[in-house]
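Q: The structure's right below; bear with me while I get my questions together.
The values are calculated or read from the model by the stated rules, or taken from the named source; none is laboratory data. Everything numeric here is computed off the predicted structure, so don't read it as measured data. Counting neighbours? That spans all protein chains shown, and the Cβs are built from the backbone with ideal geometry, glycine included.
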Amino acid sequence: MSRSPLNPSQLRSVGSQDALAPLPPPAPQNPSTHSWDPLCGSLPWGLSCLLALQHVLVMASLLCVSHLLLLCSLSPGGLSYSPSQLLASSFFSCGMSTILQTWMGSRLPLVQAPSLEFLIPALVLTSQKLPLAIQTPGNCEHRARARASLMLHLCRGPSCHGLGHWNTSLQEVSGAVVVSGLLQGTMGLLGSPGRVFPHCGPLVLAPSLVVAGLSAHREVAQFCFTHWGLALLVILLMVVCSQHLGSCQFHVCPWRRASTSSTHTPLPVFRLLSVLIPVACVWIVSAFVGFSVIPQELSAPTKAPWIWLPHPGEWNWPLLTPRALAAGISMALAASTSSLGCYALCGRLLHLPPPPPHACSRGLSLEGLGSVLAGLLGSPMGTASSFPNVGKVGLIQAGSQQVAHLVGLLCVGLGLSPRLAQLLTTIPLPVVGGVLGVTQAVVLSAGFSSFYLADIDSGRNIFIVGFSIFMALLLPRWFREAPVLFSTGWSPLDVLLHSLLTQPIFLAGLSGFLLENTIPGTQLERGLGQGLPSPFTAQEARMPQKPREKAAQVYRLPFPIQNLCPCIPQPLRCLCPLPEDPGDEEGGSSEPEEMADLLPGSGEPCPESSREGFRSQK
């Protein structure tokens, strides 16, 4: 074992070789500039399996949280099918979506999972038929704190609805998921994400990331509340493994490089496994002390089958109603905003260039395909790029397409075996809360760190940042406390307004986008580097040209599909990369002229302002 506290080995996924390559220390003259060695071969399969298992644990946490918050108001026996089969169908759709996403989508090592942006419209869709005691996500109160099992405050009065109501409600939610998938896929095929993403600079993406990290604190605290001791233990172990022991390196296995013979490369094992080790330890400790937290809503009354093939229509087909259409529109808009933020954040954490427009369009269209599959299989949650999985990438400072492919295969296997999927529901809920708390904290800190790309001392930027974050947190709380504001008399419109205006990430992204592109400001002030209209271009401009070209290969289509691009009709040509990408080092304007992209006369310089002296190159 060796310890190198000054220059820890940082691992990244680069190029078509798809390897985790150790990064050399940054250049002394610019500590923020990183380079990497793309000559490493494939990862050892043992390490890849462990890293894939970590992603599965984070995905299982998201699935359990989403399903439990949705089913917490359902009395036992209210479903006509086993909750483990519902969980297995979600695993199956997430696995298929992950494989497609990493193979021909955005090509980033992003694991697809039900994001919380699908949960709010689903709860709104079902809450209008439920008693007031269970209308909001925060109303699942815990009882019997001293007990060893989680007891949720369920509606058991005479006003509660029975089996038929809940089956119909979940069919309606599945219909909304199908609508959201179709809308996302259409937007991706038309290239809408590629046209919007270049206008999303640091002042649009950073507030969205900050709000994404803060918006889930209530649900995280709700699950940690079941046993604060176990929750604090898993958080402490994750911090120690990822930070204090992150520079401890072990020569654990041979690593065959592409240009040399097999060599023993030191690996920061504690940091790479900073999720798996704490979860396994606390899971074992809780089993020894007899602490079992298995939610009643996720436990099956009978044993789940070992082998089961998910197929559409098994639990009746999704129900398409005007209310489901309204909820699906809200799901699509919120999930698209979240996914674009995940693309930018994942590329930045892996020190890759920002995703090009064609990668964003492909990624969103395949996410829509995954949501359509999930809805047809009866799942109440769609698939999207989730912030907790991106936060895990930032925590372990590593990402690999090979690992993401393994995650997809593992999830498909869990989807084919409800009995194995049911085992993941035995993870104690405080462990789930601790894992989500740490990963959301990484997303929050990444959002704060993105502000340095812009001139944060500018009065313009201070207003945009503060207004976007505060209003995105204020409006959902206000509208949850006063639901009568959405009583327009037409239920679909009420669902649409309530779903959209209680989505913090959507509100942060929308307000930041409108303010950033309508208030005049210089390109450098807005953090757009040398006049290049793409997110985080200031960071991209500092990257050496050769590593940037090699890293950009991660966004290219696979070789067989790339050859089919000339045959693709013109409306869908936006999904293919350009034949040649012009060099960026000589492009862009040399003077930081003021621009306002959405104002009349877009693209024309505005008059000089009092901020003319701002010339700092961050």
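Q: Return the pairs, sorted by first residue and then second, in which the second residue is aromatic (Phe, Trp, Tyr) and crowded, with 16+ Cβ neighbours inside 10 Å, the first residue lies in the range 476-496 and is within 13 Å of residue 323 (Cα to Cα), the beta carbons are less than 7 Å apart, and the residues are 6+ apart or on different chains.
A: 494/486
Q: Right, something else. Any idea which of 194, 162 is over 30 Å from residue 365 (Cβ atoms), of a type in the set (Gly, Ala, Ser) and at pLDDT below 85? Walk me through it before giving the result.
A: On the way: 194 fails: over 30 Å from residue 365 (Cβ atoms).
Only one candidate passes the filter, namely 162.
Q: Turning to a different aspect of this structure: Suppose we filter 149, 174 for residues that are modelled with pLDDT of 85 or more and hydroxyl-bearing (Ser, Thr, Tyr); which single one remains? Explain how you work it out, then say what you get.
A: Numbers: 149 fails: modelled with pLDDT of 85 or more.
On inspection, the qualifying residue turns out to be 174.
Q: Looking at the range 375-404, which of its residues are in a helix (DSSP H, G or I), within 17 Å of the chain's Cα centre (by Cα) and of a type outside the set (D, E, K, R)? Give the derivation first.
A: Filtering the range 375-404 for residues in a helix (DSSP H, G or I) gives 375-376, 387-396, 401-404.
With within 17 Å of the chain's Cα centre (by Cα) added as a condition, the list becomes 387-396, 401, 403-404.
387, 388, 389, 390, 391, 393, 394, 395, 396, 401, 403, 404 - these are the residues of the range 375-404 that are in a helix (DSSP H, G or I), within 17 Å of the chain's Cα centre (by Cα) and of a type outside the set (D, E, K, R).
Q: For the range 409-485, which fully contained helices (runs of 4 or more DSSP H) count at least 3 residues that are charged (D, E, K, R) and closer than 26 Å to residue 101 by Cα? Lay out the reasoning, then the answer.
A: Numbers: elements: 418-423, 429-449, 459-481.
By residue number, no helices (runs of 4 or more DSSP H) qualify.
Q: For the range 96-108, check the following and say yes or no: at least one residue is over 15 Å from residue 68 (Cα atoms), at pLDDT 90 or above, of a type in the set (Phe, Trp, Tyr) and in a helix (DSSP H, G or I).
A: No: the range 96-108 contains no residue that is over 15 Å from residue 68 (Cα atoms), at pLDDT 90 or above, of a type in the set (Phe, Trp, Tyr) and in a helix (DSSP H, G or I).
Q: Still on this model: Given the condition in a loop (DSSP other than H, G, I, E, B) and more than 22 Å from the chain's Cα centre (by Cα), answer yes or no: does some residue in the range 489-499 qualify? Steps first, answer last, please.
A: Here is the first cut: in the range 489-499, the residues in a loop (DSSP other than H, G, I, E, B) are 489-490.
Subset that is more than 22 Å from the chain's Cα centre (by Cα): 489-490.
Scanning the range 489-499 turns up at least one residue that is in a loop (DSSP other than H, G, I, E, B) and more than 22 Å from the chain's Cα centre (by Cα).
Q: Working only within the range 171-189, note down all residues that are of a type in the set (Ser, Thr, Tyr) and surrounded by 24 or more Cβ atoms within 10 Å (Cβ to Cβ). Break it down stepwise before answering.
A: Initially, the range 171-189 is screened for residues of a type in the set (Ser, Thr, Tyr), giving 174, 180, 186.
Hits for the range 171-189 are 174, 180.
Q: Next question. Out of the residues in the range 362-383 that are among the small types (Gly, Ala, Ser) and touching a Phe, Trp or Tyr at 6+ places or on another chain (Cβ under 7 Å), state the one that is farthest from residue 272 (Cα to Cα). I'd like the intermediate steps shown before the answer.
A: Filtering the range 362-383 down to residues among the small types (Gly, Ala, Ser) leaves 363, 365, 368, 370-371, 374-375, 378-379, 382.
Among the residues that remain, those that are also touching a Phe, Trp or Tyr at 6+ places or on another chain (Cβ under 7 Å) are: 363, 378, 382.
Values: 363: 26, 378: 35, 382: 29 Å.
Residue satisfying both the conditions and the ranking: 378.
Q: Looking for something closer than 30 Å to residue 433 by Cβ and modelled with pLDDT of 85 or more - is there at least one such residue anywhere in the range 245-256?
A: Within the range 245-256, one or more residues are closer than 30 Å to residue 433 by Cβ and modelled with pLDDT of 85 or more.
Table: residues versus (1) touching a Cys at 6+ places or on another chain (Cβ under 8 Å); (2) among the polar types (S, T, N, Q); (3) at pLDDT 90 or above; (4) closer than 29 Å to residue 198 by Cα.
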residue	(1), (2), (3), (4)
312	no, no, no, no
318	no, no, no, no
322	no, no, yes, no
328	no, no, yes, yes
339	no, yes, yes, yes
350	no, no, no, yes
354	no, no, no, yes
358	yes, no, no, yes
365	no, yes, yes, yes
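Residue-wise test of (1) within 30 Å of residue 304 (Cβ to Cβ); (2) basic (Lys, Arg); (3) in contact (Cβ under 8 Å) with a residue 12 or more places away in the chain.
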position	(1), (2), (3)
416	yes, no, yes
423	yes, no, no
464	no, no, yes
507	no, no, yes
510	no, no, yes
519	no, no, yes
524	no, no, yes
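Conditions (1) among the basic types (Lys, Arg); (2) touching a Lys or Arg at 6+ places or on another chain (Cβ under 6 Å); (3) closer than 17 Å to residue 340 by Cα; (4) modelled with pLDDT of 85 or more, marked per residue:
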residue: 469; (1), (2), (3), (4): no, no, no, yes
residue: 474; (1), (2), (3), (4): no, no, no, yes
residue: 491; (1), (2), (3), (4): no, yes, no, yes
residue: 506; (1), (2), (3), (4): no, no, yes, yes
residue: 529; (1), (2), (3), (4): no, no, no, no
residue: 532; (1), (2), (3), (4): no, no, no, no
residue: 535; (1), (2), (3), (4): no, no, yes, no
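Q: Let me ask something additional. Does residue 351 count as touching a Phe, Trp or Tyr at 6+ places or on another chain (Cβ under 8 Å), surrounded by fewer than 24 Cβ atoms within 10 Å (Cβ to Cβ) and not in a helix (DSSP H, G or I)?
A: On the way: touching a Phe, Trp or Tyr at 6+ places or on another chain (Cβ under 8 Å): yes; surrounded by fewer than 24 Cβ atoms within 10 Å (Cβ to Cβ): yes; not in a helix (DSSP H, G or I): yes.
Taking the combined requirement at face value, the residue satisfies it.
Q: Hey, residue 317 hits all of (1) assigned to a helix (DSSP H, G or I); (2) under 28 Å from residue 83 (Cβ atoms); (3) hydrophobic (A, V, I, L, M, F, W, C) but one; which does it fall short on?
A: Among (1) assigned to a helix (DSSP H, G or I); (2) under 28 Å from residue 83 (Cβ atoms); (3) hydrophobic (A, V, I, L, M, F, W, C), residue 317 violates only (1).
Q: Of all residues in the range 480-506, which are in contact with a Leu (Cβ under 7 Å, 6 or more places away or on another chain), among the aromatic types (Phe, Trp, Tyr) and over 18 Å from residue 217 (Cα atoms)?
A: Matches in the range 480-506: 486 only.
Q: Any idea how many residues of the range 324-339 are farther than 15 Å from residue 375 by Cβ and in contact with a Pro (Cβ under 6 Å, 6 or more places away or on another chain)?
A: Of the range 324-339, the ones farther than 15 Å from residue 375 by Cβ are 326, 333-334, 336-339.
Imposing the further condition that a residue be in contact with a Pro (Cβ under 6 Å, 6 or more places away or on another chain) reduces the set to 326.
Within the range 324-339, residues that are farther than 15 Å from residue 375 by Cβ and in contact with a Pro (Cβ under 6 Å, 6 or more places away or on another chain) number 1.
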